[in-house]
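Read through the structure below, which is laid out as structure tokens, and then see the notes.
The values are calculated or read from the model by the stated rules, or taken from the named source; none is laboratory data. Worth saying up front: this structure is predicted, and the values here are computed from it rather than measured. Cβ coordinates were reconstructed from backbone atoms using ideal geometry, including for glycine residues, and neighbour counts include every protein chain displayed.
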Amino acid sequence: MKIAIIAPEFLPALGGAGTYAVSLVKELVKSSNLEIHVITPKRGKIKIPACFKKIKIHYISEAKDTFFYNFSFQVEVARKFPLLHKVHKFDLVHSTGLVHMPDIFLDYRKLDVPHVVTVHTTLDTQFDYGFSLKEFILRSSPVEFLSKAAYPYIKLMQESYIKKTSHFICVSGYVSSFIPESKSIYVIHNGVDESVFKPGKNSDFKFLDNLKKPKILFCGRLLYMKGIELLIDAANEIGDKAHFIFAGNGNIKKLSSKIKNKGNVTFIGGVDHAKINLLYQKCDIFVLPSFSESFPISLLEAMSSGLPVIATRVGGIPEMLTDNVNGCLIKPRDKDALRDSISRLINEKKERAKLGKAARALVLKRFTQSEMAKKTAEIYGKIIADEQKRKRNG
């Protein structure tokens, strides 16, 4: 089978969609009956990992950190994919992100090739939490604000995109509820590489070795919707009992100004995904106090690394965590619950170890990237077979 994977984010893997695409291709390439082509924008100078030598990567545009760069990729997909398909004759096209809608301008009926779209999130899931307009304007980042301002227009595009698409892979049952029941929907949870994200010791991030108190890690974009300000408030109240590490890009200057005791908090900015597993190994507790999530890969990575995790009961997170069994679930936007859960794990070392061990065991059982890729390949085969049957039957 020749599979064209249209990936708005690929190498380097900067966000959840990029991490998903890289993880999926890393496993799919091991299959002898799959020929993988990745169609993606190029982001700077890229060193191709050895495991990707068997795939063909088609760079058709340049990736830029702007709100509008995705549109240029959509245009280039419309221009260049038909030519690639004419040469390679793909059996199936897999678009790795609904929100990006990279192939929105393609006419698959004319191309005569089946396609499937992975749904990590939708516009509705991204804003599936209560907030006042004033609060959102004052606290949201420019990207969040622009996304909300453009919501009506992008919503119409997304509805049109969903209407013309027949097959969807949803990363959680929660996300699948936002896709019309008339569509062909498959729920395949995200997975991580358990051989990379595992408990252990390393010599990186040496500055953390000198911190003798429990280290609390947040890893992700420093956005309002991630509950970042609530976590800062909790850090201020917990004080000297722990050290908080924020790994991710955002307005660090603005956020650091809210810290009462800067000796208890470290902002380390964005971390290369190739090293993020080493950061998990250096920390004691992982916290994700988001207002909205679909099926966060960062949470799976922390669980696979053996960390006890604290997360909000939103979106698809309850599908991956059971409270006080393999993690802690709290109400979103509840600063007191967040503070109390962190404080409890700071004080109860045995509970941290128990939850961390159970979290990794759950990942090994249900959420590995090999299992994710296996199920995805099965869906490829089913869609292609169904399409061939449809053509035979006229």
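Against the test of being touching a residue at least 24 places away in the same chain (Cβ under 8 Å), touching a Ser or Thr at 6+ places or on another chain (Cβ under 7 Å) and crowded, with 22+ Cβ neighbours inside 10 Å, the options I310, I342 yield a single qualifying residue, I310. Note on the stretch 52-70: residues that are surrounded by fewer than 14 Cβ atoms within 10 Å (Cβ to Cβ) and either within 19 Å of T118 (Cα to Cα) or not assigned by TED's automatic domain parsing to the domain that holds E27 (or both) total 0. Considering only residues in the stretch 213-243 that are outside any helix (DSSP H, G or I) and more than 22 Å from L14 (Cα to Cα), the one that is farthest from the chain's Cα centre (by Cα) turns out to be K213.
Condition check ((1) part of a loop (DSSP other than H, G, I, E, B); (2) under 23 Å from N277 (Cα atoms); (3) among the aliphatic types (A, V, I, L, M); (4) not assigned by TED's automatic domain parsing to the domain that holds L98) across all residues:
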site: S290; (1), (2), (3), (4): yes, yes, no, yes
site: F295; (1), (2), (3), (4): yes, yes, no, yes
site: M303; (1), (2), (3), (4): no, yes, yes, yes
site: G315; (1), (2), (3), (4): yes, no, no, yes
site: L345; (1), (2), (3), (4): no, yes, yes, yes
site: R360; (1), (2), (3), (4): no, yes, no, yes
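Yes or no: the stretch 251-265 includes at least one residue that is closer than 24 Å to C51 by Cβ, at pLDDT 95 or above and outside any loop (DSSP other than H, G, I, E, B). No, that holds for no residue. Selection over the stretch 1-36 of residues that are closer than 26 Å to T122 by Cα, among the small types (G, A, S) and in a loop (DSSP other than H, G, I, E, B) gives a count of 3. Inspect all residues belonging to the stretch 270-288 and state whether any of them is more than 30 Å from S370 (Cβ to Cβ), outside the structural domain of F10 (by TED's automatic domain parsing), outside any helix (DSSP H, G or I) and of a type in the set (G, A, S). No, the stretch 270-288 contains no residue that is more than 30 Å from S370 (Cβ to Cβ), outside the structural domain of F10 (by TED's automatic domain parsing), outside any helix (DSSP H, G or I) and of a type in the set (G, A, S).
Assess whether L83 counts as being buried (at least 16 other Cβ atoms within 10 Å of the Cβ) and at pLDDT 95 or above. In short, no. Checking each residue in the stretch 84-105 for being in contact with a strand residue (DSSP E or B) (Cβ under 8 Å, 6 or more places away or on another chain) and outside any loop (DSSP other than H, G, I, E, B) picks out L84, H85, H88, L92, V93, H94, S95. The selection criterion, being free of Cβ contacts under 8 Å to residues at least 12 places away in the same chain and within 23 Å of G356 (Cα to Cα), does not hold for K241.
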